[in-house]
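Undergrad: Input: one structure, supplied below.
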Amino acid sequence: GDADNTLKLWSVEGGQLLHTLTGAFVMSLDFSPDNTLLAAAYDDGTIKLWDVESGRELRALSGHSSPVGAVTFSPDGTLLASGSVEGSTVIKLWDVLSGQELRAFSGHSDNVYSLDFSPDGTLLASASGDRTLKLWDVESGQEVRTLRGHRDRVYSVSFSPDGALVASGSFDGAVILWDVQSG
């Protein structure tokens, strides 16, 4: 994504520009697990789903009233999670096929900077400017656990491939590994 409100898709193998996609300022990107879709989160509060092969916009998801700072696909590609800066309801879960909002997750008091699904798709981890990580039950939308330990904004979160650990990175310079079961 570029400051000129374009998004460029490049071939890794040959380095050729494949598509130039237009929208607002890009805040976050994620490819679907099968590499057919690209989700782009924009500073105007929208999310667009793009067809990777054709470069065509498939649908726009609207429901956030402020910039969307994070998007991520579920491991099976059927769900998309997005996070922004909307008071206490900052995370939304979307059905990728229909584009419908399924539920909203409430709990963070500041920007959501990063999201990641557990490898089995049952948990969603969120990293926030409120210096916490939260683990959410995807099916119910309920908060499972809040992880505290950073002294500043948490900008990045990632599950380990086996789903037993969550790593978080913060503006405080620390990376913390968390046990998913015990925190």
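Undergrad: State, as an integer percentage, the relative contact order of the chain based on alpha-carbon contacts under 8 Å between residues 6 or more apart.
TA: Result for the chain is 11 percent.
Undergrad: So, with a 1.4 angstrom probe, what is the percent of accessible area on the chain that is carbon and sulfur?
TA: Exposed carbon and sulfur together represent 48 percent of the surface.
Undergrad: Using θ = phi - 60° and the Karplus relation 6.51 cos²θ - 1.76 cosθ + 1.60, list the HN-Hα couplings for the range 30-43 in order, rounded to whole Hz, with x at every Gly or Pro.
TA: For the range 30-43, the Karplus curve yields 7, 8, 5, x, 8, 6, 8, 10, 10, 9, 10, 9, 10, 6 Hz.
Undergrad: Sticking with this one: How about residue 92: which lysines have a C-alpha closer than 18 Å to its C-alpha, ignoring those fewer than 8 places off in the same chain?
TA: 48, 134
Undergrad: Let me ask something else about it. Per residue Cα convex hull volume for the range 40-100, in cubic angstrom?
TA: 77
Undergrad: Relative contact order of the range 1-105: what whole-number percent is it, with Cα pairs under 8 angstrom and at least 6 residues apart?
TA: Computed value for the range 1-105: 17 percent relative contact order.
Undergrad: Of the listed values [x] 1.00; [y] 1.18; [z] 1.28, identify the label whose number matches Cα Rg over 2.2 N^0.38 Å calculated from this model.
TA: It is the one labelled [x].
Undergrad: A further question follows. What's the extension gain from residue 2 to residue 16 if we count 0.36 nm per residue and subtract their Cα-Cα distance?
TA: Gain in length upon complete extension: 3.3 nm.
Undergrad: Another one. State the Cα centre-to-centre distance between the range 24-69 and the range 141-181 in whole Å.
TA: Distance between centres, Cα-based: 25 Å.
Undergrad: Then there is this: Using a Förster radius of 35 Å, what is the FRET efficiency between residue 172 and residue 144 based on their Cβ-Cβ separation? Nearest 0.05, please.
TA: After rounding to 0.05, the efficiency reads 0.90.
The values are calculated or read from the model by the stated rules, or taken from the named source; none is laboratory data. For clarity, every value in this text was computed on a predicted model and none was experimentally measured. No Cβ is skipped: glycine too gets one built from the backbone with ideal geometry, and neighbour counts run over all protein chains shown. The area values use the complete protein model at the heavy-atom level, side chains included, leaving out ligands, DNA and RNA. Shrake-Rupley method; radii C 1.70, N 1.55, O 1.52, S 1.80 Å.
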